[in-house]
Amino acid sequence: MDKPHPVRRVTEQVPGAPGPQSPSVAEPTEPRAPLPPKPDQEAPAAVSATGRAAGADAARAQNGGYLTTAQGVRLPDSDHSLRAGPRGPVLLQDHHLREKITHFDHERIPERVVHARGAAAHGVFRGYGTAAGVTKAAFLAEGVETPVFVRFSTVLGSRGSADTVRDTRGFATKFYTGQGVFDLVGNNIPVFFIQDAIKFPDIVHAAKPHPDREIPQAQSAHDTFWDFVSLHTEATHHTLWNMSDRGIPRSYRMMEGFGIHTFRLIDAEGASTLVKFHWKPKAGVHSLVWEEAQLIGGMDPDFHRRDLADAIEAGVFPQWELGIQTFPDSPEQTFEGIDLLDPTKLVPEELARVRPIGLMTLNANPTNYFAETEQVAFHPGHLVPGIDITDDPLLSGRLFSYLDTQITRLGGPNFAQIPVNRTHAPVNDMLRDGFHQDAVHSGVAPYKPNSLDGGCPFFADAADHAFVEHPTPIAAGAKVREAPASFDDHFSQPRLFWLSLSPVERGHVIAAYTFELSKVHEQAIRERVLTVLARIDDELCREVATGLGLPAPAAAAHVDVTPSRALSQLGQRWPATGRVLGIIAGTGGDPAVVRGVRDAARAAGLLPLVIGPTGAPAADDLDVQRTFAAARSVEFDALLVAHTPEPGADDRGARDAKSGAVAGGQRTLDSRVVLLVNEAYRHAKPIAGLADARALWAAAGVDPHAPGVFTETDGSRAVSALAEQLGTHRVWERFPEAG
């Protein structure tokens, strides 16, 4: 029997609408009953989880016009944690925060709710000693080496999702210091979607796949995400970073990391300094272009984890410098007008330089993915003497959430005893029993005070390197669900980021918004996003509107900001060490030429991969790593043509659909290689060829006089030219916006 339902407009009878009615452009302000299911949906007929009688639309757990707790109590606010004054710490008595976060933490078993897709490596951190003036943390002292375990991850996707989706990346580091474990749990983006942890379930629910179809996987290009971020405009800054090239990094090895929050460092005399943590990759910061990311998602969904593991196995150990921005710990906790407790804000490096304090080198791959990468448990509350937290309301909620999550995921409170999580400092706690208790405790008095165990263990003080919370003054105030007025500025920093980007990067941002919003079903949401973009920049709004075929809203007033060059990924030079060079070797060529090019590439610090018509070795000591059928340009940072790529035996459409895609009937060259070179050229990668490559340039549409195209007769000179060009990552001049 057909169910009665609101009729959608005739022009919107396309499958995929998130609901049976179109939303308004403006945010709704009047409570109303929720909409019924779509006509193609049917739910189980039974008594509902909220106690409704059988047959009374049991699938609708939300059955009223007002938001309530799980116990049915109506709520006046679900955007702010309960705090001791607008700038005070979050209160443990906030039962609504705990209920909301606790339920959210337990939504997935056993994989992580967020950051499920990860890759990791072991390494070592060596302190420079340059932080001695601001912290007594022993592992930061000069020359001290500390073992580390680092896990990189995407946020939205499941464990089986692809690596190269547009998403924020996690950058979590576990330091096994002599004073206990310190976890620096950050991202590759310095700001966050929300200002208060109580909104974390909302942003993740909005970004995750739609609950009816469980699609799209690991993507933000859908209605619920853009519905939320267009209404909750404090997410604007992080969203803009996601739409930039930062959302699709080339490699974990070429990705910055940020602690996001403002932390507090304590020196030997007890003085406090506010800081932000930064990881700076020695290989430079670089990203994919969107077409590359899409191709890799199908060709090699494990691209990032493979790249990390292969680099370490090849001895090209990824390195990052840990740096800090420091700020006076003033009562206002602001710097140059920027609220340091607002996690949606950053401090430009021109205002506070990043001071290097140590070097991290990843030099070993895990032995077992599950035992290490999957079971590693990070927690922002794992601190050591000399490092303390602030009253950032997002950080306060994370201190509860991470611990609660590990208890569910890892089977109880003893997750710290799993080998990858074990501290390298002696443990002498009074915690007992529980699931998976591996320690055999002695003594008869696991309590304090006691006399039966001779009073042991005793308390330590600061002189004995105890962790002592910094005595931070708290301003008098009522307990309220409010945020400081400074948290209301949602657009000046997105504008700062936009104006700091190069023309090429801005073009990529415009394309990203246009692509994502073209996947949004509801036009009202697209229009609402355009009103948000108008608050950032007129050009950004106008170009995205043009791409969507919609009128741009009226221009908005903009705050004057000073661009920060440090926010752009362009304009610097980086070492080419570890970059992947594809060497194209045709049939019948002289193996000595390929061997010479390969050896020159290794000497230059590049990782050479030989691409041949088949997998057969080109010579006894010259293996082929990729074939014309299996190779794709997205695997390589640069290409070098050593021999003319004659058509392979499988260069025909029935065997390989790529065959003939570009060659246009030319049968003297392998058409898959023509496509390979054409893609690399369009993606602004440096390419080189020996003298016989000119025919290939013509077939692939390559201008031999274009920047970053080298035709040489000497293989060593060709490799040197490519390595020099890779210092800027790409040949940016080839993109039209660069002119």
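The values are calculated or read from the model by the stated rules, or taken from the named source; none is laboratory data. No experiment lies behind these values; they were computed from the predicted model shown. A quick note on method: Cβ atoms are made from the backbone with ideal geometry, for glycine too, and the neighbour counts reach across all protein chains shown. In case anyone asks, the SASA skips ligands and DNA or RNA and just uses the protein heavy atoms, side chains included. Shrake-Rupley method; radii C 1.70, N 1.55, O 1.52, S 1.80 Å.
The trypsin sites (Lys or Arg not before Pro) of the stretch 264-369 that meet both conditions, a loop assignment by DSSP and at most 15 other Cβ atoms within 10 Å of the site Cβ, are R353.
If only the Cβ of Lys and Arg carry +1 and only the Cβ of Asp and Glu carry -1, the dipole of the stretch 185-326 around its Cα centre is close to 300 debye.
With no solvent and one point on each alpha carbon, what is the Debye value of log10 I(q)/I(0) for the stretch 399-544 at q = 0.10, 0.14, 0.18 Å⁻¹? Summing over Cα pairs of the stretch 399-544 leads to -0.76, -0.91, -1.12. About the centre of its Cα atoms, the chain shows a dipole size close to 700 debye [charges on the beta carbon of Lys, Arg (+1) and Asp, Glu (-1) only; nearest 20 debye].
Gain on full extension, evaluated as 0.36 nm per residue between D692 and A475 minus their Cα-Cα distance, stands at 70.6 nm. Computed from the Cα positions only, the extents of the stretch 177-221 along the three principal axes stand at 49, 21, 18 Å, in decreasing order. Normalising the Debye intensity of the stretch 388-431 to I(0), with uniform scatterers on Cα atoms only, and taking log10 at q = 0.20, 0.27 Å⁻¹ returns -0.82, -0.98. In the assembled protein chains, H122 presents an accessible area of approximately 50 Å² (probe radius 1.4 Å).
Taking all Cα-Cα distances within the stretch 402-451, those exceeding 18 Å account for 38%. Give the residue from G157, G123, P190 lying farthest towards the positive end of the charge dipole for the stretch 90-241; charges sit on Cβ (+1 for Lys and Arg, -1 for Asp and Glu) and the dipole is referred to the Cα centre. The one lying farthest along the dipole's positive direction is G123.
Counting only Cα atoms, the size of the stretch 597-721 along its three principal axes is 41, 36, 23 Å, in decreasing order.
Kirkwood radius, the stretch 246-390, all distinct C-alpha pairs, inverse of mean reciprocal distance: 17.7 Å.
By the Kirkwood approach, averaging reciprocal distances over each pair of separate Cα atoms, the stretch 172-319 gets a hydrodynamic radius of 17.9 Å. Using a probe of 1.4 angstrom and keeping all protein chains present, the accessible surface of the chain works out to 43 square angstrom per residue.
Ligands, DNA and RNA left out, the accessible area of the stretch 244-375 computed with a 1.4 Å probe is 52% carbon and sulfur. Convex hull volume per residue, computed on the Cα atoms of the stretch 276-345, equals 143 Å³. The angle between the Cα long axis of helix 591-603 and the longest principal axis of the Cα atoms of the chain comes to about 30 degrees, rounded to the nearest 10.
Shown here are the Rg and Dmax of the Cα trace of the chain, at 28.1, 91 Å. Looking at the calculated P(r) for the stretch 435-493, what percent of the C-alpha pair distances fall above 14 Å? Percentage above 14 Å: 78. Under the Kirkwood approximation for Rh and a Cα-based Rg, what ratio Rg/Rh is obtained for the stretch 519-585? My calculation puts Rg/Rh at 1.23. Principal-axis analysis of the Cα atoms of the chain puts helix 290-299 at an angle of about 90° to the longest axis. Just list whichever of K199/K276; K199/K345; K280/K685; K136/K174; K136/K199 have alpha carbons separated by over 25 Å in the model shown. From the list (K199/K276; K199/K345; K280/K685; K136/K174; K136/K199), the Cα-Cα distance tops 25 Å for K136/K199. Using every pair of distinct Cα positions in the stretch 480-541, the Kirkwood expression returns a hydrodynamic radius of 13.2 angstrom. Can you give the angle from 0 to 90° between the axis of helix 671-682 and the longest principal axis of the chain, with both taken from C-alpha atoms, to the nearest 10? With both axes taken from Cα atoms, the answer is about 60 degrees.
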